[in-house]
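Trainee: Handing you a structure now.
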Ligand SMILES: NC(=O)c1ccc[n+]([C@@H]2O[C@H](COP(=O)([O-])OP(=O)(O)OC[C@H]3O[C@@H](n4cnc5c(N)ncnc54)[C@H](OP(=O)(O)O)[C@@H]3O)[C@@H](O)[C@H]2O)c1
């Protein structure tokens, strides 16, 4: 993989950011813009703070949104993709409807593939792709069954490894972060709220800012690709 020196500031390129209205997305937008970059938010409606432009679209139709992103980017220099959008229905497997399964896959997994394919050929300053997974890629919570979500997040791990090998020769890194439970909209709406921080080694919740710091590290890191970095206060260590 061509090596670029790690820099302390990001070049003024566009970050394509899904989940830009969410807790992690807003923290990522703030960090990227704070380092001098521009953010194209992808969301069902513009919201929150921190994006320079928006593509409005529902990632339950990921291919259509990816086409819209391609059109919106036009000649803009694109440096990175962060896929932070996610949805979880937290249903037991026997109660999960076909629609819930399809939507969970579309937003969490298919959108990652569709958008990564969209930006990969036009990256002008490769800083890479970071997909926001979950510790649920590895763990199955007893208090909040979510097989569809776990399967989709686990799919991101395989996707990242395969894209990392395929796109390594042109210097595009592809990595995953695995957050632990956070007190965000999504976090408190599912079973993680019941467990709270109890499973963490230090009994602390994971914060969007901690996840963002890992994302920014992975976007800048040279020679780190196809990896899954847990930001979970040790949630996966005990049993
Ligand atoms: N919170 C946790 O405990 C936790 C733990 C591990 C991993 N994660 C992962 O972390 C990432 C960020 O989550 P968060 O905690 O920041 O949650 P959040 O604040 O609820 O944000 C979720 C984001 O996903 C977007 N989204 C959901 N469905 C969408 C759709 N159909 N089309 C387009 N966008 C859609 C939301 O946009 P709208 O404004 O349109 O709803 C929102 O921007 C997710 O991938 C999640 O799976 C979260």
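Trainee: Do we find that residue 144 is touching a helix residue (DSSP H, G or I) at 6+ places or on another chain (Cβ under 8 Å), closer than 16 Å to residue 177 by Cα and part of a loop (DSSP other than H, G, I, E, B) in this structure? First the steps, then the outcome.
Mentor: Values: touching a helix residue (DSSP H, G or I) at 6+ places or on another chain (Cβ under 8 Å): yes; closer than 16 Å to residue 177 by Cα: no; part of a loop (DSSP other than H, G, I, E, B): yes.
When the stated conditions are applied, residue 144 does not pass them.
Trainee: Would you mind telling me which numbered condition in (1) assigned to a helix (DSSP H, G or I); (2) more than 9 Å from the ligand (Cβ to nearest atom); (3) within 24 Å of residue 29 (Cβ to Cβ); (4) at pLDDT below 95 residue 186 fails?
Mentor: Every condition holds for residue 186 apart from (2).
Trainee: Before we move on, is residue 163 touching a residue at least 24 places away in the same chain (Cβ under 8 Å), under 23 Å from residue 28 (Cα atoms) and touching a strand residue (DSSP E or B) at 6+ places or on another chain (Cβ under 6 Å)? First the steps, then the outcome.
Mentor: Values: touching a residue at least 24 places away in the same chain (Cβ under 8 Å): yes; under 23 Å from residue 28 (Cα atoms): yes; touching a strand residue (DSSP E or B) at 6+ places or on another chain (Cβ under 6 Å): yes.
Here the answer is yes, as residue 163 does meet what is asked.
Trainee: Residue 206 - would you say it is away from the ligand (no atom under 13 Å from the Cβ) and either farther than 20 Å from residue 85 by Cα or crowded, with 21+ Cβ neighbours inside 10 Å (or both)? Give the steps one after another, and end with the answer.
Mentor: Working: away from the ligand (no atom under 13 Å from the Cβ): no; either farther than 20 Å from residue 85 by Cα or crowded, with 21+ Cβ neighbours inside 10 Å (or both): yes.
Considered against the rule, which asks whether it is away from the ligand (no atom under 13 Å from the Cβ) and either farther than 20 Å from residue 85 by Cα or crowded, with 21+ Cβ neighbours inside 10 Å (or both), residue 206 comes out as no.
Trainee: Moving to a separate point now. Count, please, the residues in segment 27-47 that happen to be within 11 Å of the ligand (Cβ to nearest atom) and buried (at least 24 other Cβ atoms within 10 Å of the Cβ). It would help to see each step written out before you state the result.
Mentor: Looking only at segment 27-47, we keep the residues that are within 11 Å of the ligand (Cβ to nearest atom), and these are 27-29, 41-47.
Applying the additional criterion that residues be buried (at least 24 other Cβ atoms within 10 Å of the Cβ) yields 28-29, 41-42.
Count: 4.
Trainee: Which of the residues that make up segment 119-141 are assigned to a helix (DSSP H, G or I), within 15 Å of the ligand (Cβ to nearest atom) and out of contact with any strand residue (DSSP E or B) (no Cβ under 7 Å at 6 or more places or on another chain)?
Mentor: Taking segment 119-141 first, the residues assigned to a helix (DSSP H, G or I) are 119-122, 135-137.
If we keep only those that are within 15 Å of the ligand (Cβ to nearest atom) too, we end up with 135-137.
Scanning segment 119-141 gives a single hit, 136.
Trainee: Can you name the condition, by its number, that residue 138 falls short on among (1) under 18 Å from residue 19 (Cα atoms); (2) in contact (Cβ under 8 Å) with a residue 40 or more places away in the chain; (3) touching a helix residue (DSSP H, G or I) at 6+ places or on another chain (Cβ under 8 Å)?
Mentor: Status for residue 138: all satisfied but (1).
Trainee: Quickly run through segment 142-158 and pick out the residues that are modelled with pLDDT under 90, within 14 Å of the ligand (Cβ to nearest atom) and buried (at least 19 other Cβ atoms within 10 Å of the Cβ).
Mentor: If the condition is that a residue be modelled with pLDDT under 90, within 14 Å of the ligand (Cβ to nearest atom) and buried (at least 19 other Cβ atoms within 10 Å of the Cβ), then 144 is the only one that fits.
Trainee: Here is a follow-up. From the list 84, 106, which residue is within 12 Å of the ligand (Cβ to nearest atom) and either surrounded by fewer than 21 Cβ atoms within 10 Å (Cβ to Cβ) or without any contact (Cβ under 8 Å) to a residue 12 or more places away in the chain (or both)?
Mentor: Values: 84 fails: either surrounded by fewer than 21 Cβ atoms within 10 Å (Cβ to Cβ) or without any contact (Cβ under 8 Å) to a residue 12 or more places away in the chain (or both).
Going through 84, 106 in turn, the sole match is 106.
Trainee: Could you check segment 3-110 for strands (runs of 3 or more DSSP E) lying wholly inside it with 2 or more residues that are under 15 Å from the mean Cα position of the chain (by Cα)?
Mentor: Working: elements: 14-18, 38-43, 53-56, 78-83.
Because the criterion is at least 2 residues that are under 15 Å from the mean Cα position of the chain (by Cα), the strands (runs of 3 or more DSSP E) in segment 3-110 that meet it are 14-18, 38-43, 78-83.
The values are calculated or read from the model by the stated rules, or taken from the named source; none is laboratory data. Small disclaimer: the values here were computed from a predicted structure and weren't measured. Note that we place each Cβ from the backbone using ideal geometry, even for glycine, and neighbour counts take in every protein chain shown.
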